[in-house]
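See structure below.
The values are calculated or read from the model by the stated rules, or taken from the named source; none is laboratory data. Keep in mind it's a predicted model, so treat the numbers as computed, not measured. Cβ placement follows ideal geometry from the backbone for every residue including glycine, while neighbour counts extend to all protein chains displayed.
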Amino acid sequence: MPEVEIQIGGRGFMVACQDGEEPFLHAAAKMLDTEAAVILGQIGRMPADRMLLMAGLMLADKTAALEDEIKTLQEKIRAQDKTLASAEERLADRARRIAELQDAGPRTELPDRFTDGLAELAARAEAIAEEIEARRG
């Protein structure tokens, strides 16, 4: 198990880690060091344990905010997934209806209600034409 020296707040610490975890340890130490630098810049020199506690709390606060943001984004993704699924269902339904209409072929005859209506209009037109001819004649 290797021991790695990390720097936090200008102080060196020896930390043991598993083989291969050294890059992760250095990345975590850098994050902690960044927070410690902010604290030391505002407050000045302080005991190592207090500095580490404050830096850890600041990281925890940032982590909590990021977790809240992740939850919000996950909820938005779920809502968008539902909307997408609904749109896909409507699209599939319309595709089925189009396929059914295509399979049925073109309609060459009009429904009875249209033909009955057209016949009535034609009869009225003929009656009007006859009336006009009778008045002229």
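Some points to look at:
- Subset of the stretch 2-37 that is loosely packed, with under 13 Cβ neighbours inside 10 Å and aliphatic (A, V, I, L, M) - its residue that is nearest to T63 (Cα to Cα): A27
- Qualifying residue in the stretch 102-120 (condition: surrounded by 10 or more Cβ atoms within 10 Å (Cβ to Cβ), charged (D, E, K, R), assigned to a helix (DSSP H, G or I) and outside the structural domain of A28 (by TED's automatic domain parsing)): yes
- Any hit, the stretch 42-64, residues being more than 32 Å from the chain's Cα centre (by Cα), in the same structural domain as Q7 (by TED's automatic domain parsing), surrounded by 10 or more Cβ atoms within 10 Å (Cβ to Cβ) and not in a helix (DSSP H, G or I): yes
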